[in-house]
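Colleague: The structure's right below; bear with me while I get my questions together.
The values are calculated or read from the model by the stated rules, or taken from the named source; none is laboratory data. Since we're looking at a predicted model, the values are computed, not measured. Cβ sites come from the backbone with ideal geometry, for glycine too, and all protein chains shown count toward neighbours.
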Amino acid sequence: MASKTANRTPPRSRREPQGRVPGQDKYSVLLPTYNERENLPLIVWLLVKSFSESGIDYEIIIIDDGSPDGTREVAEQLEKIYGSDKILLRPREKKLGLGTAYIHGMKHATGNYIIIMDADLSHHPKFIPEFIRKQKEGNFDIVSGTRYKGNGGVYGWDLKRKLISRGANFITQILLRPGASDLTGSFRLYRKEVLQKLIEKCVSKGYVFQMEMIVRARQLNYTIGEILPEMNTRVLNHWCHFEHCLFP
């Protein structure tokens, strides 16, 4: 007679999260928004295009912080267009900070990897497959896009913004030796459990938050890989094609 325990459901912590096929990686994009009504449809379209063409399982979690420009209403329409299994709108009543936006988004994420990026078109989703390849090649805990190594760079920034970013990175490199070339960038891939741990440890707000994440990662002996996407191109070269797809 078969044991009664043979057919028991495994403990919840050992089962795959709802919405993910056992053994298959899934990538949850956390997309905090504030007044991104015009940019959101394009960045979502580019994300869907990149994931679909690469055959990657994904979901996009939009965390809108009470945008007065109608961003939430646009997100609701995108959820209807692409389906609530791919686009998850998880709004908040007001602007509460980047770190708490990530915490809020992760509560709803079913992927085992988290991708963070800006919704303002400063990060091109076409580089996401490269992030994923890099992570798998080195089994990294974090993969960060860097602007300050090799052929990496930024385009469309004024001199003041470039000086602030480079200065912050330089000072932190000297004082803390974090072992990563770009500490202020916000285009990254994390193992979900790693991001959860880092956010629990971080105390900074605003611009410094991304820097502390990398410094904390080194302190906790997490491994960090880097790729060299071109940042802040604003992906304008896709706009005409996007318009053509929507309004042929």
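Colleague: Using beta carbons and a limit of 8 Å, which pairs, at least six apart or on different chains, have the first residue in region 24-37 and touching a residue at least 12 places away in the same chain (Cβ under 8 Å) and at positive phi and the second one crowded, with 18+ Cβ neighbours inside 10 Å and not in a strand (DSSP E or B)?
Modeller: The qualifying pairs are N35/S67; N35/T71.
Colleague: Please count how many residues of region 60-115 are charged (D, E, K, R), exposed (fewer than 14 other Cβ atoms within 10 Å of the Cβ) and more than 26 Å from K197 (Cβ to Cβ). Before the answer, list the steps.
Modeller: Just the residues of region 60-115 that are charged (D, E, K, R), to begin with: 64-65, 69, 72-73, 76, 79-80, 85-86, 90, 92-95, 107.
Within this subset, residues satisfying the condition of being exposed (fewer than 14 other Cβ atoms within 10 Å of the Cβ) are 69, 73, 80, 85, 93-94, 107.
With the extra rule that they be more than 26 Å from K197 (Cβ to Cβ), the set shrinks to 69, 73, 80, 85, 93-94.
Counting residues in region 60-115 that are charged (D, E, K, R), exposed (fewer than 14 other Cβ atoms within 10 Å of the Cβ) and more than 26 Å from K197 (Cβ to Cβ) gives 6.
Colleague: Take F209 and decide whether it is at pLDDT 70 or above and over 16 Å from T146 (Cβ atoms). Please lay out each step first, then the result.
Modeller: Working: at pLDDT 70 or above: yes; over 16 Å from T146 (Cβ atoms): yes.
Spelling it out, F209 is indeed at pLDDT 70 or above and over 16 Å from T146 (Cβ atoms).
Colleague: Those residues that are of a type in the set (V, I, T) and farther than 19 Å from N112 by Cα, I need them from region 26-85; list them, please. Step through it out loud before you land on a result.
Modeller: First pass over region 26-85, keeping only residues of a type in the set (V, I, T): 29, 33, 43-44, 48, 56, 60-63, 71, 74, 81.
Hits for region 26-85 are T33, I43, V44, T71, V74, I81.
Colleague: Could I ask something else about it? Within the set of pairs 6 or more residues apart or between chains, which connect a residue that is of a type in the set (K, R) inside region 126-138 to a residue that is part of a helix (DSSP H, G or I) and buried (at least 16 other Cβ atoms within 10 Å of the Cβ) with Cβ atoms less than 8 Å apart?
Modeller: K126/L46; K126/S50
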